[in-house]
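Below: the structure, in structure tokens.
None of the figures in this text is laboratory data; all of them are computed from the coordinates on show. Predicted model, so just to flag it, every value in this text is computed and none were measured. Heads up, the Cβs are rebuilt from the backbone with ideal geometry, glycines too, and the neighbour counts pull from every protein chain shown.
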């Protein structure tokens, strides 16, 4: 049986006016690993995240998880769920290899963190819509009603982001704006100041969406920050371990006479527990 946990989402799941913040997540099995590496090969990151979470987040509130419900989660909620999935499957410790950004240095350094260190504290309340008031030079004000970016927004702009990052960011922003009013009247155009102020406010409201790691370089004494992307990190780990997975299936099938299907249904944790036992037996000469 795979290990499962119930966690609290930073923002939560909304459906029909009802709101829940609990999500149930289970660890990856070998079958999930194969699916994400083979069946989802070539998917853009946002789509890959949707597939991973739709498969391993078993419940959102009282409801069974679907791809559409996963797409409706905020970017921060999706990041948090990926971190919980990673901790369940491969443990709490994360090792990041970074390069000092200074051209005259470029020193490689290793930063070890824990999932718990980068999970942001929960806000006491969560709402679907927000407002931002922007003062104008003429003394008037612009009020923007907006929502936080969700998985569906990421998927919509993913292809554009490959060639036009600025255009994709602008399109995502426009998708999140619900209305703009100037001095009480609805405006048809988005003011230029919106592109400057709104992204920062959205980042404040969804702090888990973009996690920055701060590192110090011992070689040059400088400090710098980098954005930690949970999806990229988990994908690269699973990709690096993929060939090892088939080796593990082969060993267990050969010695235990289990079918590949039975072995792939095991979690990484349980599969490697059997491999450790097998290794001891082989080392001690018990198994021929």
Packing-based exposure ordering (other Cβ within 10 Å, fewest first) of 284, 117, 153: 284, 117, 153
For region 161-288, compute Rg over Rh where Rg is the Cα radius of gyration and Rh is the Kirkwood radius from the inverse mean 1/r over Cα pairs. 1.26
Using only Cα atoms, what Kirkwood radius does region 18-62 have, in angstroms? 11.5
Cα convex hull of region 1-75, projected area averaged across orientations, nm²: 5.2
For the chain, take the longest principal axis of its alpha carbons; what is the angle in degrees between that and the long axis of helix 151-161, to the nearest 10 within 0 to 90? 90
Quick one: angle between helix 230-256 and the longest Cα principal axis of the chain, in degrees between 0 and 90, rounded to 10, please. 20
Could you work out the helix-only [θ] at 222 nm for the chain, with each DSSP H run of four or more residues adding -39,500 (n - 2.57) and the total divided by the number of residues, to the nearest 500 deg cm²/dmol? -13500 deg cm²/dmol
Under a no-solvent Debye model with one identical scatterer per Cα of region 1-150, what's log10 I(q)/I(0) at q = 0.08 Å⁻¹? -0.32
Once you sort the root eigenvalues of the Cα gyration tensor of region 230-288 as a ≥ b ≥ c, which label holds: rounded (a/c under 1.5), prolate (a/b larger than b/c) or oblate (the other case)? prolate
Ranked list, fewest to most other Cβ atoms within 10 Å of each Cβ, for 92, 138: 138, 92
In the Gaussian network model of the chain, springs joining C-alpha atoms below 10 Å, which of 120, 41, 154 carries the largest mean-square fluctuation? 41
How large is the translational diffusion coefficient of region 71-194 in µm² per second when you combine the Kirkwood radius over alpha carbon pairs with Stokes-Einstein at 25 °C and 0.890 mPa s? 136
Please report the spacing between the Cα centers of region 51-122 and region 192-255 in Å, no decimals. 7
Using bins 10 angstrom wide from zero, how does P(r) for region 48-101 break down, in % of all Cα pairs? 22, 46, 23, 8, 2
For percent of Cα pairs over 32 Å apart, which listed value, (1) 38; (2) 20; (3) 16, comes from the coordinates shown? (1)
So which residue, out of 126, 209, 18, gets the largest mean-square fluctuation from a GNM of the chain using Cα contacts under 10 Å as springs? 18
Give the angle, between 0 and 90 degrees and rounded to the nearest 10, that separates the Cα long axis of helix 75-90 from the longest principal axis of the Cα atoms of the chain. 10
Region 25-183, relative contact order in percent, only Cα pairs under 8 angstrom and at least six apart counted: 20
I need 249, 5 ordered by Cβ neighbour count within 10 Å, fewest first. 5, 249
